1. When the residues of segment B:1-29 are filtered to those that are of a type in the set (Gly, Ala, Ser) and surrounded by 13 or more Cβ atoms within 10 Å (Cβ to Cβ), which remaining residue is nearest to the other protein chains (Cβ to nearest Cβ)?
2. Please pick out the residue among A:Ala160, A:Ala170 that is of a type in the set (A, V, I, L, M, F, W, C), under 21 Å from A:Ala61 (Cα atoms), within 16 Å of ligand 1 (Cβ to nearest atom) and away from chain B (no Cβ under 14 Å).
3. May I ask you to list the residues in segment A:32-64 that are outside any loop (DSSP other than H, G, I, E, B) and within 16 Å of ligand 2 (Cβ to nearest atom)?
4. Identify all residues within segment B:41-73 that are under 26 Å from A:Asp157 (Cα atoms) and either in contact (Cβ under 8 Å) with a residue 60 or more places away in the chain or surrounded by fewer than 16 Cβ atoms within 10 Å (Cβ to Cβ) (or both); write none if there are none.
5. Take the residues of segment A:65-114 that are part of a helix (DSSP H, G or I) and within 16 Å of ligand 1 (Cβ to nearest atom): which is surrounded by the most Cβ atoms within 10 Å (Cβ to Cβ)?
6. Please list, ordered by residue number, the helices (runs of 4 or more DSSP H) wholly in segment B:30-112 having 1 or more residues that are at pLDDT 95 or above and within 14 Å of another protein chain (Cβ to nearest Cβ).
7. Assuming A:Leu216 fulfils every condition listed in (1) touching a Gly at 6+ places or on another chain (Cβ under 8 Å); (2) surrounded by fewer than 17 Cβ atoms within 10 Å (Cβ to Cβ) apart from one, which condition is it?
8. Only one residue in A:Ala228, A:Ala185 is within 18 Å of B:Phe3 (Cβ to Cβ), within 14 Å of chain B (Cβ to nearest Cβ) and small (Gly, Ala, Ser), so which one is that?
Amino acid sequence: MSGNLSVRVWRGRADGAFQSFEVPRYASQSVLDVVTHIQRKLDATLAYRYACRVGMCGSCAMTVNGVARWTCRTHVDKVAADGRLEIAPLHHLPVIRDLVADMREFFDKWARARGSFRGTKTRHDGFAAVSPASRKRRAIEAGIECIGCGVCYSACDTVAWNPDYLGPAALQRAWTLVNDVRDTANPERLRAVAGDGGCGACHTHLSCTERCPKQLSPTAGIAGLKRAVTMAALRGTL
Amino acid sequence: MSFRSQTLLWVAQRASAAVLALCVFVHLGVIIYAVRGGISATEILGRTQGNALWLAFYSLFVLACAVHAPIGLRTVLNEWGAWRGRGCDTAMWLFAALLAWAGMRAVMAVTG
Ligand code: SF4
Ligand code: SF4
Ligand code: FES
């Protein structure tokens with residue numbers, strides 16, 4: 001692999017513009033490698049975010065050639081066959097500077113969806129026995145590997161159209177807790193994810209599922225929430 | 001509007017969609033039957049007027065429309081028109097009433 005990549009990188013805030021760079025191309029180069037090359041060798045003022053470089057921390061997501069991706073595990077070969085890259089911050093979130101999106105709204109919505117565990121046991125109690133084969137535990141398994149990268153949120157049109165919409169990741173997180181037999185926050189959690197800003201707003205576009213780098217399906221979790229919320233509404237316990 | 005009402009609206013829209021799917025299917029069948037059979041408008045009215053079964057079927061069809069369309073339009077206006085809240089909800093109630101009124105008027109003319 002040789003030659004140069006033509007890279008356009010977003011600079012500034014929402015009213016910023018793309019800036020062009022030429023970056024040498026290598027074998028097995030990731031998009032994050034490209035951004036890092038620019039920051040280290042060409043323009044030290046470029047702002048971007050990453051931590052683990054191995055697909056675990058969820059901090060490196062950006063819009064690459066129009067598509068939200070985790071950049072540390074996105075090979076240039078896969079997304080820039082013609083040698084061109086356009087790298088921008090994630091969509092649907094305010095831009096702090098350059099490639100750094102403001103994730104506050106994304107994580108605040110996790111809190112609004114009651115995305116934190118609330119149990120009753122203390123350190124003096126024994127472990128809860130949960131069978132790995134149980135239906136609920138398997139439902140949790142399907143959604144628990146979320147790394148909070150925000151790719152799904154950036155890919156979801158409903159997030160753009162409905163500012164109250166909690167979004168795929170927060171709802172999926174809530175679904176894992178709805179299935180957690182140890183959790184005690186559930187009546188409130190179902191209320192938190194119901195209604196116009198909650199699971200009912202999901203149009204089942206599946207963009208989140210298509211884009212999630214961890215191959216999770218927030219759409220399936222949201223469908224589970226829709227069933228749970230519907231039952232609660234019909235029973236009058238919502 | 002409470003979360004419960006919002007959820008029940010959502011349920012009502014899904015339930016009315018299921019009813020509509022069935023109604024549209026029957027309705028299309030009736031149209032094809034009437035057109036291919038070459039029966040005239042007078043003959044059709046002769047069969048439908050005073051017929052309780054057609055009255056019940058088309059009343060259900062109209063009712064399902066009156067439930068389904070305003071809830072969907074509410075979402076469209078919320079999302080694409082950024083029109084939310086009480087004003088929009090009231091307008092949707094009026095729209096539902098308009099659909100029910102216009103639809104039932106037609107049903108009564110054909111089956112009444
Ligand atoms: S399936 Fe739902 S959450 Fe996922 S992208 Fe579509 S609307 Fe958004
Ligand atoms: S569901 Fe997938 S895309 Fe969304 S935040 Fe979690 S890991 Fe990222
Ligand atoms: S840098 Fe951690 S996931 Fe990409």
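1. First, the residues of segment B:1-29 that are of a type in the set (Gly, Ala, Ser): B:2, B:5, B:12, B:15-18, B:21, B:29.
Those still in the list that are surrounded by 13 or more Cβ atoms within 10 Å (Cβ to Cβ) too: B:5, B:12, B:15-17.
Details: B:Ser5: 8, B:Ala12: 11, B:Ala15: 10, B:Ser16: 14, B:Ala17: 13 Å.
Checking each candidate, the answer is B:Ser5.
2. Values: A:Ala160 fails: away from chain B (no Cβ under 14 Å).
Step by step, each of A:Ala160, A:Ala170 is checked, and only A:Ala170 is of a type in the set (A, V, I, L, M, F, W, C), under 21 Å from A:Ala61 (Cα atoms), within 16 Å of ligand 1 (Cβ to nearest atom) and away from chain B (no Cβ under 14 Å).
3. Of segment A:32-64, the ones outside any loop (DSSP other than H, G, I, E, B) are A:32-42, A:61-64.
Answer for segment A:32-64, where residues must be outside any loop (DSSP other than H, G, I, E, B) and within 16 Å of ligand 2 (Cβ to nearest atom): A:Leu32, A:Ala61, A:Met62, A:Thr63, A:Val64.
4. We begin by selecting, within segment B:41-73, every residue under 26 Å from A:Asp157 (Cα atoms); these are B:67-73.
Hits for segment B:41-73 are B:Ile71, B:Gly72.
5. Taking segment A:65-114 as the starting set, the residues that turn out to be part of a helix (DSSP H, G or I) are A:71-73, A:76-79, A:104-112.
Pick out the ones that are also within 16 Å of ligand 1 (Cβ to nearest atom) and you get A:105-106, A:109-110, A:112.
Values: A:Glu105: 16, A:Phe106: 23, A:Lys109: 21, A:Trp110: 20, A:Arg112: 16.
Restricting to residues being part of a helix (DSSP H, G or I) and within 16 Å of ligand 1 (Cβ to nearest atom), the top hit is A:Phe106.
6. Numbers: elements: B:41-48, B:52-80, B:86-111.
Filter on segment B:30-112 gives B:52-80, B:86-111.
7. With respect to (1) touching a Gly at 6+ places or on another chain (Cβ under 8 Å); (2) surrounded by fewer than 17 Cβ atoms within 10 Å (Cβ to Cβ), A:Leu216 is out only on (2).
8. Working: A:Ala185 fails: within 14 Å of chain B (Cβ to nearest Cβ).
Going through A:Ala228, A:Ala185 in turn, the sole match is A:Ala228.
The values are calculated or read from the model by the stated rules, or taken from the named source; none is laboratory data. From a predicted model like this one, the values you see are computed outputs, not experimental measurements. Here Cβ is always computed from backbone atoms with ideal geometry, including for glycine, and neighbour counts include all displayed protein chains.
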